[in-house]
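The values are calculated or read from the model by the stated rules, or taken from the named source; none is laboratory data. These numbers come from a predicted model, not from an experiment. Virtual Cβ from ideal backbone geometry, glycine too; neighbours counted across all protein chains shown.
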Amino acid sequence: MGVSSVIPAKAGIHEHLIPASPRKPIRIWMEVGDRDLLNPNVMRDGMHDWVVANENMAKALAAKGYHYQFVFARNAGHTDRTVKQQTLPEALEYIWQGYLIERVKK
């Protein structure tokens, strides 16, 4: 389960915690599939739709000025293997771009 899924919706992270907290020096990469937690009888309470939860997280991050990337994968389920294989290299490059490694003195 990702950070942007069900837990933040229940905890009010999208609505309260991110907007009220100082922006952190982090870069975020998120992915959700349109069949992630696919349930045709899902409750319409804003806490049981992972696509909507990820969209809300992206809106909160954008409003706060975070550097983030949000990938929406069609015909993909939760932790879809094909999507991971296609997106993991780019995700790692995005997350680590510009990261400076401190040299250890011997």
Hits in region 67-106 - residues which are at pLDDT 90 or above and of a type in the set (Asp, Glu): 90, 93
Residue count for region 1-12, restricted to those that are among the hydrophobic types (A, V, I, L, M, F, W, C) and modelled with pLDDT of 60 or more: 1
Neighbours by Cβ (under 8 Å, 6+ apart or cross-chain): first from region 77-95, farther than 22 Å from residue 49 by Cβ; second of a type in the set (Lys, Arg) and not in a helix (DSSP H, G or I): 94/27; 95/27
Residue satisfying condition, being within 22 Å of residue 95 (Cα to Cα) and either at pLDDT 60 or above or exposed (fewer than 15 other Cβ atoms within 10 Å of the Cβ) (or both), within set 15, 31: 31
Residue 64, sole failed condition from (1) over 18 Å from residue 33 (Cβ atoms); (2) loosely packed, with under 15 Cβ neighbours inside 10 Å; (3) at pLDDT 85 or above; (4) charged (D, E, K, R): (2)
Top-ranked residue of region 67-106 - restricted to ones that are part of a loop (DSSP other than H, G, I, E, B) and of a type in the set (Asp, Glu), ranked as surrounded by the fewest Cβ atoms within 10 Å (Cβ to Cβ): 102
